Amino acid sequence: MEILLCGICVVLFLLTIIIIKIIALKNIIYKKPAILSDKKILTIYYSNGGNTKCVAQNLQSIVGGDLKEIELIEKYPKNIFKMSKLIRKQIQEDFIPQIKDIDISNYDIIFVGSPIWNFSVSVPIEAFLQNNNFENITLIPFFTCSGGVNKTKVITKFKNITNVKEIKKPLYMFENGLFLIKQQIIKWLNNI
Ligand SMILES: Cc1cc2nc3c(=O)[nH]c(=O)nc-3n(C[C@H](O)[C@H](O)[C@H](O)COP(=O)(O)O)c2cc1C
């Protein structure tokens with residue numbers, strides 16, 4: 001009986017903490033980070049299944065600026081098994097696919113969104129990072145994933161591939177945690 005009561009107390013305590021956190025998140029207010037002031041902002045993303053696109057659209061609606069999608073010259077197969085097999089083969093062989101050109105020369109700040117593939121950046125985003133000059137640009141990455149990320153590998157990849165001077169702390173969003181998206185994004189932006 002005592003054990004049962006203890007169990008109920010622990011569950012109630014945890015529920016209270018979760019409710020307090022959700023209320024705090026719901027009431028969060030966006031404070032525009034100083035680094036975004038008077039800057040030309042681009043939010044760019046690659047998304048195969050729509051999760052990263054959803055985060056990108058919400059992010060752009062908060063920070064303003066332009067929204068662009070990275071498109072592959074040769075699209076992946078629609079069949080999920082064939083698609084996953086091909087992507088894994090490309091990652092194994094360090095294959096970088098061809099993407100359509102995007103002019104980024106007008107921007108000061110670029111939010112770059114990618115799904116996490118094999119614990120790291122997706123290969124279409126690798127292509128985008130390889131193909132462009134980021135000399136005078138601040139990169140702010142964001143990712144969607146299902147759970148397994150090698151955060152050190154992700155940032156090292158950004159630093160090794162690009163000539164970027166400044167990379168801000170990325171946002172990682174779990175695909176099954178895509179609720180109160182705007183509020184989660186604001187929480188991250190407020191601490192950038
Ligand atoms: C080929 C492939 C590999 C993946 N590898 C990982 C992984 O290593 N870690 C992880 O957390 N999620 C992984 N995922 C899940 C995706 O990161 C997740 O579903 C993401 O939200 C998909 O974004 P999208 O809908 O914008 O394409 C993988 C998905 C695919 C298709």
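Structure notes:
- Of the residues making up region 65-77, those that are farther than 24 Å from TYR107 by Cα and within 12 Å of the ligand (Cβ to nearest atom) are TYR76, PRO77.
- Hits in region 47-64 - residues which are assigned to a loop (DSSP other than H, G, I, E, B), within 11 Å of the ligand (Cβ to nearest atom) and under 20 Å from GLN184 (Cβ atoms): SER47, GLY49, GLY50
- Residue list for region 149-165, filter: surrounded by 12 or more Cβ atoms within 10 Å (Cβ to Cβ), within 13 Å of ILE110 (Cβ to Cβ) and out of contact with any Phe, Trp or Tyr (no Cβ under 7 Å at 6 or more places or on another chain): PHE158
Every number here is computed from the coordinates shown, using simple stated rules; none is lab data. In this text the structure is predicted, and so the values were computed from the model without any measurement. Here the Cβ is made from the backbone with ideal geometry for all residues, glycine too, and neighbour counts use every protein chain on show.
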